[in-house]
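Notes to accompany the following structure.
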Amino acid sequence: MRNLILAALLAVSFIPGQAQAHKVIASVYSSGDVIEGEIGFSNGDVADDATVEVFDGDGNKIGEVQTDEDGFFTYKPTQRTVHVFRADLGAGHVANARMEVEDLPILGDTAPAETETATAAAAAAPQSSQPVDFSEAQREMLAELIHHEVNPLRREIAAYKEKNDFQTILGGIGYILGLFGLAFYIAAKRASRKSA
């Protein structure tokens, strides 16, 4: 009985240490003609100045980039293949993100044909009464603004998902410990009835 109580106390003392653990979060997405990515931890910390190795689907290394001070990186693909991004962050933390071929940005060699098709489709489409004509500088500024607004939201959503998953695990451990407590209570009650 004393050993069971000691084991339960050790299990309970282990839970707060686990509550402070964090998981690596890595994501990649297509943006224009590059692949953008970010690496961080579920507690909100970023992986700044980390080396990110790029591999194809067969595990051959095809490139390498560094994250900036916010944990972001960009990589310009040169071939249409699966891209796997991997960063060793130390202390057993390894970031992995994968981009499938169909999610890759348009590469330079396929862009002219697709641009011609898009131009022809735009010419055939009926024009609105008041077309909006942005200059190239305005388009770049708008894209940059959207990029800076969306990236923090992605990080917050990933951290929120991780937090809720971890809370679910802790809740399950709590239920298990509660059942053990109930079992000890019933066993103690039966033992006191037998001795009486």
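What follows draws every value from the coordinates through simple rules; no lab data is involved. Remember, it's a predicted structure, so these values are computed and weren't measured experimentally. Please note: Cβ atoms are built from the backbone with ideal geometry, for glycine as well, and neighbour counts cover all protein chains shown.
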Taking TYR75, TYR185, TYR29 and counting other beta carbon atoms within 10 angstrom, the fewest-first order is TYR185, TYR29, TYR75
Between TYR175 and LYS194, what is 0.36 nm times their sequence separation minus the Cα-Cα distance? Round to one decimal in nm. 4.0 nm
Of the listed peptides 93-100, 82-89, what is their order by residue-averaged count of other C-beta atoms within 10 Å, with the highest listed first? 82-89, 93-100
Report, by chain and number, residues whose modeled amide H sits under 5 Å from the one on LEU89, excluding near sequence neighbours (fewer than 5 apart, same chain). VAL94, ALA95
Residue-ordered couplings for the range 79-96, obtained by feeding phi - 60° into the Karplus form 6.51 cos²θ - 1.76 cosθ + 1.60 and rounding to whole Hz (Gly and Pro as x), are 9, 8, 8, 4, 10, 10, 9, 9, 9, 8, 9, x, 6, x, 8, 10, 8, 9
Would you please put 39-50, 133-144 in order of how densely packed they are, using the mean number of other Cβ atoms within 10 angstrom per residue and starting with the highest? 39-50, 133-144
So how do ILE146, ILE173 line up by other beta-carbon neighbours within 10 Å, fewest first? ILE146, ILE173
Per-residue Cβ contact counts at 10 Å, fewest first, order ASP33, ASP58 as ASP58, ASP33
